[in-house]
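Report on the structure given below.
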Amino acid sequence: MGSLCSRQRHYNQADSEENARTAEIERRIEQETKAEKHIQKLLLLGAGDSGKSTIFKQIKLLFQSGFDEAELKGYIPVIHANVYQTIKILHDGAKELAQTEEDSLKYVISDENKENGEKLAEIGGRLDYPCLTKELAQDIEAIWRDNAIQETYSRGNELQVPDCTQYLMENLQRLSDTNYVPTKEDVLYARVRTTGVVEIQFSPVGQKKRSGEVYRLFDVGGQRNERRKWIHLFEGVTAVIFCVAISEYDRTLFEDDNKNRMVETKELFEWVLKQPCFEKTAFMLFLNKFDLFEKKVLQVPLNVCEWYKDYQPVSTGKQEIEHAYEFVKKKFEELYFQSTAPNCVDRVFKIYRTTALDQKLIKKTFKLVDETLRRRNLFEAAKNLPEIFSYTRLDGLR
């Protein structure tokens with residue numbers, strides 16, 4: 001009889017412990033569910049090479065702890081690969097232009113650099129790249145200085161030459177140092193095509209302050225073959241941040257040499273605007289790569305792009321840069337309102353001039369985005385107050 005009572009007490013104690021564990025798990029789930037409700041979802045969209053991933057890295061640097069040494073070192077093979085890939089594009093581009101252009105002689109690589117160029121192009125075509133040594137860096141510097149390569153670089157818009165080319169070539173000796181650890185700037189310039197979905201959680205007022213909103217930002221690949229993954233992220237989005245590389249009006253797609261990048265961006269933005277799940281979603285349009293745009297627009301007229309064919313230059317220097325920018329901005333404003341259904345006209349729409357590499361500007365921009373979304377949330381809460389009060393009165397009458 002005593003042993004039976006003892007066993008019963010043991011079972012009761014085990015049940016109590018199990019119930020306590022279950023209650024604790026349920027409490028944590030409830031807490032996490034409540035916390036999740038306060039996290040706002042931001043979706044970073046745009047065509048390939050629009051600067052989305054650079055903005056994503058800036059968020060990590062600005063509003064989180066940044067990159068530790070291990071993460072920085074993880075970028076070494078990426079940066080070295082960027083160097084080899086870039087020199088291969090320029091070398092192969094020079095060979096192609098030497099065969100097809102009337103003034104072909106200026107694209108012929110000098111005899112002293114021919115063998116060197118072939119060797120580097122072969123390395124750039126590999127799947128696994130060697131570590132960048134001082135010797136290889138010197139070889140790359142020599143071919144970079146070759147007149148044929150410089151002529152080819154001046155036509156980079158036709159050859160998919162990356163924006164980071166000048167930066168990489170100017171820093172070859174540092175990048176090839178035996179004890180090289182990438183800087184934050186190196187990481188921002190590093191190019192890795194986004195595949196799949198990456199996310200980051202942050203608050204623009206800082207992690208230690210409780211007054212700001214908490215956001216979860218999702219970045220997805222911008223190339224055409226990556227866009228099928230977008231649709232799974234479309235539900236429950238607070239705001240879409242759509243990035244436009246405004247400097248790329250004279251370039252074609254990486255995946256389609258016949259399609260102008262700005263025309264592709266226009267069609268993509270139009271498609272995103274018309275998605276039914278974004279009827280009440282705020283839209284933040286980042287007109288990005290302004291630093292490159294202001295240099296290019298004085299050399300290459302906007303109307304080389306089919307969508308901008310009605311553009312007429314009016315001045316020179318800074319005045320012309322501003323005139324061109326306002327033209328582009330107006331084009332996207334018109335597209336937004338043309339593509340927005342009547343029942344969506346009240347949703348928030350803001351345009352920001354950005355340069356993804358400019359940390360101060362990105363910080364300021366995201367604080368403005370935060371303020372805009374907080375005002376919207378307050379407005380939505382105020383709209384719901386009469387409804388809440390009516391329910392309260394009805395409950396009181398019962």
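The values are calculated or read from the model by the stated rules, or taken from the named source; none is laboratory data. As the structure is a computational prediction, the values presented were derived from the model and not from experiment. Methodologically, a virtual Cβ is constructed for each residue, glycine included, from the backbone with ideal geometry; neighbour enumeration extends over all protein chains shown. In case anyone asks, the SASA skips ligands and DNA or RNA and just uses the protein heavy atoms, side chains included. Shrake-Rupley method; radii C 1.70, N 1.55, O 1.52, S 1.80 Å.
Of the residues that make up segment 233-253, is at least one open to solvent by 40 Å² or more (accessible area, probe 1.4 Å), over 19 Å from the mean Cα position of the chain (by Cα) and within 26 Å of Ile362 (Cβ to Cβ)? Within segment 233-253, one or more residues are open to solvent by 40 Å² or more (accessible area, probe 1.4 Å), over 19 Å from the mean Cα position of the chain (by Cα) and within 26 Å of Ile362 (Cβ to Cβ). Exactly one residue out of Val272, Val345, Val314 is closer than 20 Å to Ser50 by Cβ and either open to solvent by 30 Å² or more (accessible area, probe 1.4 Å) or not polar (S, T, N, Q) (or both), and it is Val272. With respect to the conditions (1) farther than 20 Å from Gly48 by Cα; (2) at pLDDT 95 or above; (3) part of a strand (DSSP E or B), Glu294 lacks only one, and its number is (3).
Would you check which residues across segment 143-162 are touching a residue at least 40 places away in the same chain (Cβ under 8 Å), among the polar types (S, T, N, Q) and farther than 13 Å from Asp92 by Cα and list them? Within segment 143-162, Asn147, Asn157 qualify. Cβ separations smaller than 7 Å between residues 6+ apart or across chains give the following pairs from segment 34-59 residues that are among the basic types (Lys, Arg) to residues that are crowded, with 18+ Cβ neighbours inside 10 Å and modelled with pLDDT of 95 or more: Lys52/Cys243; Lys57/Val187; Lys57/Leu188. Looking across segment 160-172, the residues that are farther than 20 Å from Gly51 by Cβ and in contact with a helix residue (DSSP H, G or I) (Cβ under 6 Å, 6 or more places away or on another chain) come down to Met169, Leu172. For segment 142-166, the set of residues classified as surrounded by 16 or more Cβ atoms within 10 Å (Cβ to Cβ) and part of a helix (DSSP H, G or I) consists of Ala142, Ile143, Trp144, Ala148, Ile149, Glu151, Thr152, Tyr153, Gly156, Asn157, Thr165, listed by residue number. Within segment 277-305, the set of residues being touching a strand residue (DSSP E or B) at 6+ places or on another chain (Cβ under 6 Å) and open to solvent by 10 Å² or more (accessible area, probe 1.4 Å) comprises Lys289, Phe290. Of all residues being farther than 19 Å from Asp139 by Cβ and open to solvent by less than 50 Å² (accessible area, probe 1.4 Å) in segment 77-125, which is farthest from the chain's Cα centre (by Cα)? Just the residue, please. Only one residue tops the list, namely Ser104.
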